[in-house]
Amino acid sequence: MPSSSSSIGTPLAVEVEIRREKASALRRVGDKLETLIAQLVKLQGELSTLSGWQRAKKAEEYQKLWADADYQRWCLVIQRESLGLFHHAEVDLMYPIPPKVK
């Protein structure tokens, strides 16, 4: 009967590589989300100094970035769930997405 480990408790090389790739994918999504959040924070500051059509244009840019950040957060949650992590309060603490603007 084949086993998934070369000896009890020791993972096979392929299992280690799969775990590394899962962790790497999780990190890539987290990095994307961090970048988007930083861009949102910067735009949020710019929005507070603008008015009229300039603000409207910048608000549209903000909304697009916000939607991208929300999607990346969703991807991060899916990645976490694929690893067996089902409580996501930490995600909101580590990656606080600024609120939508009007």
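The values are calculated or read from the model by the stated rules, or taken from the named source; none is laboratory data. Keep in mind the model is a prediction, meaning the values are calculated, not measured. Here the Cβ positions follow ideal geometry from the backbone for every residue, glycine too, while neighbour counts run over all protein chains shown.
Here is a list: Ala59, Ala25. Which entry is farther than 24 Å from Lys100 by Cβ and surrounded by 14 or more Cβ atoms within 10 Å (Cβ to Cβ)? Spell out the reasoning first.
On the way: Ala59 fails: farther than 24 Å from Lys100 by Cβ.
Among Ala59, Ala25, only Ala25 is farther than 24 Å from Lys100 by Cβ and surrounded by 14 or more Cβ atoms within 10 Å (Cβ to Cβ).
Looking at Ser82, is it over 16 Å from the mean Cα position of the chain (by Cα) and not hydrophobic (A, V, I, L, M, F, W, C)? Taking the combined requirement at face value, the residue does not satisfy it.
Every residue, every condition in (1) at pLDDT below 95; (2) touching a strand residue (DSSP E or B) at 6+ places or on another chain (Cβ under 9 Å); (3) among the acidic types (Asp, Glu), yes or no:
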| residue | (1), (2), (3) |
| --- | --- |
| Ser6 | yes, no, no |
| Arg20 | yes, no, no |
| Leu36 | no, no, no |
| Trp53 | no, no, no |
| Glu60 | no, no, yes |
| Glu81 | yes, no, yes |
| Gly84 | yes, no, no |
| Pro99 | no, no, no |
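Leu93 meets the conditions (1) closer than 18 Å to Glu34 by Cβ; (2) at pLDDT below 95 in every case but one. The failed one is (2).
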